[in-house]
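Visitor: I have a structure here, written as structure tokens, and I will follow up with some questions on it.
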Amino acid sequence: MLSLNRLVRPLRVLLLAGVAAVAISACASNRGSMPSPDYSGMAAGQSQQSLGELTARYKSNPKDKGVAIHYAAALRAVGQSQQAVSVLEISMAQYPGDVDISVAYAKALTSDGRFDQSLQVLDNVIRPEAPDWNALLVKGATLDQVGRNQEARALYAQALVFAPGEASIEANMGLSYAMTKELPAAEQHLRRAVQMRGATSQIRQNLALIVGLQGRFEECRALYAAELPPAQVESNMAYVRALLTQQNRWDLIEQG
């Protein structure tokens, strides 16, 4: 049986990395708030380069809402969640009640482990009669972080009503199931996600991880190889095996 504690921590990271990372070209009628940018799937060099460029842009125009959101996302991608929170706190003061800023701020708070505060921010901007699907998605990811998985899945299902076919929603649903060791269900949702609009490399890599966690290493390797250079593929395969290894035993793989 796969150790839940060994699995949950990396999945929490993946949930937050991928949440609401949708294509800018998504239909305006479904899009809701501004799609949350995602820099987490980039190679380290690319992440640093993007952060450098966004730092310069932010310094030249800190009141630009879009730049602030992208800058905060780039900061989170390199592990600077506290700084991301600080950037968006300034923007929250400049744009009180703005849904885009509020969702990005909540995401930064969750990344920094400030879950209750994140949920409060989201509850302040989610309108019961017409909820923003992006805000629902971030709230779901936050609830997953604290083990409230059933509540999270209910929010993902609600988000799908307002934004059917959005890859990020199905992807987070899949990772939510993985966090409770329901790996076949997780794979089913991630396979749906990779066929949808806005499917990112990170989502396809998440599918590879879930396949690998079920012991299908060659299929896992092939999925990674379609997304990553050879050295990184080997690194990821070693990571998958490390998640499955405990006390030098290989009978920890749960098939469902």
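The values are calculated or read from the model by the stated rules, or taken from the named source; none is laboratory data. This structure is a prediction, so every number in the text was calculated from the model and none was measured. Don't worry about glycine lacking a Cβ; one is built from the backbone with ideal geometry, like all the others, and counts go over all protein chains shown.
Visitor: With respect to the numbered conditions (1) in contact with a helix residue (DSSP H, G or I) (Cβ under 9 Å, 6 or more places away or on another chain); (2) at pLDDT 95 or above, which one is the sole condition not fulfilled by ALA93?
Guide: Failing condition for ALA93: (1).
Visitor: Within the range 136-182, can you find the residues that are free of Cβ contacts under 8 Å to residues at least 24 places away in the same chain, among the aliphatic types (A, V, I, L, M) and within 17 Å of THR110 (Cα to Cα)?
Guide: LEU155
Visitor: Hey, another quick one. Of all residues in the range 55-69 being out of contact with any Pro (no Cβ under 8 Å at 6 or more places or on another chain) and within 11 Å of SER91 (Cα to Cα), which is surrounded by the most Cβ atoms within 10 Å (Cβ to Cβ)?
Guide: By that ranking, first place goes to VAL67.
Visitor: In the same structural domain as THR245 (by TED's automatic domain parsing) and either surrounded by fewer than 17 Cβ atoms within 10 Å (Cβ to Cβ) or out of contact with any Cys (no Cβ under 9 Å at 6 or more places or on another chain) (or both): is that true of GLU170 in this structure?
Guide: yes
Visitor: Enumerate the pairs (first residue in the range 199-217 and assigned by TED's automatic domain parsing to the domain that holds PRO37; second residue anywhere and polar (S, T, N, Q)) with beta-carbon separation below 7 Å, excluding pairs fewer than 6 apart on the same chain, so at least 6 apart or on different chains.
Guide: Matching pairs, first to second residue: none at all.
Visitor: All but one of (1) assigned by TED's automatic domain parsing to the domain that holds ALA193; (2) touching an Asp or Glu at 6+ places or on another chain (Cβ under 7 Å) hold for ALA152; state the number of the condition that does not hold.
Guide: Looking at each condition in turn, ALA152 falls short on (1).
Visitor: Which members of the range 149-199 meet the condition of being among the polar types (S, T, N, Q) and farther than 21 Å from ILE126 by Cβ?
Guide: Across the range 149-199, the qualifying residues are THR180, GLN188, GLN195.
Visitor: Further question: Test GLN120 against the criterion of being in a helix (DSSP H, G or I), more than 25 Å from VAL78 (Cβ to Cβ) and not assigned by TED's automatic domain parsing to the domain that holds GLY97, and give yes or no. Write out each step before concluding.
Guide: On the way: in a helix (DSSP H, G or I): yes; more than 25 Å from VAL78 (Cβ to Cβ): yes; not assigned by TED's automatic domain parsing to the domain that holds GLY97: no.
No: the conditions fail for GLN120.
Visitor: If you take the residues in the range 190-201 that are of a type outside the set (Lys, Arg) and under 17 Å from GLU219 (Cα atoms), which one is modelled with the lowest pLDDT?
Guide: Per the stated criteria, the residue is SER201.
Visitor: Then there's this: Enumerate the pairs (first residue in the range 122-135 and under 14 Å from GLY97 (Cα atoms) and touching a residue at least 24 places away in the same chain (Cβ under 8 Å); second residue anywhere and surrounded by 12 or more Cβ atoms within 10 Å (Cβ to Cβ) and of a type in the set (Phe, Trp, Tyr)) with beta-carbon separation below 9 Å, excluding pairs fewer than 6 apart on the same chain, so at least 6 apart or on different chains.
Guide: ASP132/PHE162
Visitor: Considering the range 95-146 alone, what residues qualify as being charged (D, E, K, R) and either buried (at least 20 other Cβ atoms within 10 Å of the Cβ) or in contact with a His (Cβ under 8 Å, 6 or more places away or on another chain) (or both)?
Guide: ASP100, LYS107, ASP132, LYS139, ASP144 - these are the residues of the range 95-146 that are charged (D, E, K, R) and either buried (at least 20 other Cβ atoms within 10 Å of the Cβ) or in contact with a His (Cβ under 8 Å, 6 or more places away or on another chain) (or both).
Visitor: Looking at LEU209, LEU223, LEU183, LEU228, which one is out of contact with any Phe, Trp or Tyr (no Cβ under 8 Å at 6 or more places or on another chain) and closer than 23 Å to ARG153 by Cβ?
Guide: On the way: LEU223 fails: closer than 23 Å to ARG153 by Cβ; LEU183 fails: out of contact with any Phe, Trp or Tyr (no Cβ under 8 Å at 6 or more places or on another chain); LEU228 fails: closer than 23 Å to ARG153 by Cβ.
Among LEU209, LEU223, LEU183, LEU228, only LEU209 is out of contact with any Phe, Trp or Tyr (no Cβ under 8 Å at 6 or more places or on another chain) and closer than 23 Å to ARG153 by Cβ.
Visitor: With the condition kept exactly as written, say whether any residue in the range 144-160 is part of a helix (DSSP H, G or I) and β-branched (Val, Ile, Thr).
Guide: No, that holds for no residue.
Visitor: Also: Can you find, within the range 73-94, the residue that is surrounded by the most Cβ atoms within 10 Å (Cβ to Cβ) among those that are part of a loop (DSSP other than H, G, I, E, B) and of a type outside the set (A, V, I, L, M, F, W, C)?
Guide: Checking each candidate, the answer is GLN80.
Visitor: I need a count of the residues in the range 68-79 that are of a type in the set (A, V, I, L, M, F, W, C) and either farther than 12 Å from SER50 by Cβ or not assigned by TED's automatic domain parsing to the domain that holds LYS107 (or both).
Guide: Matching residues across the range 68-79 total 3.
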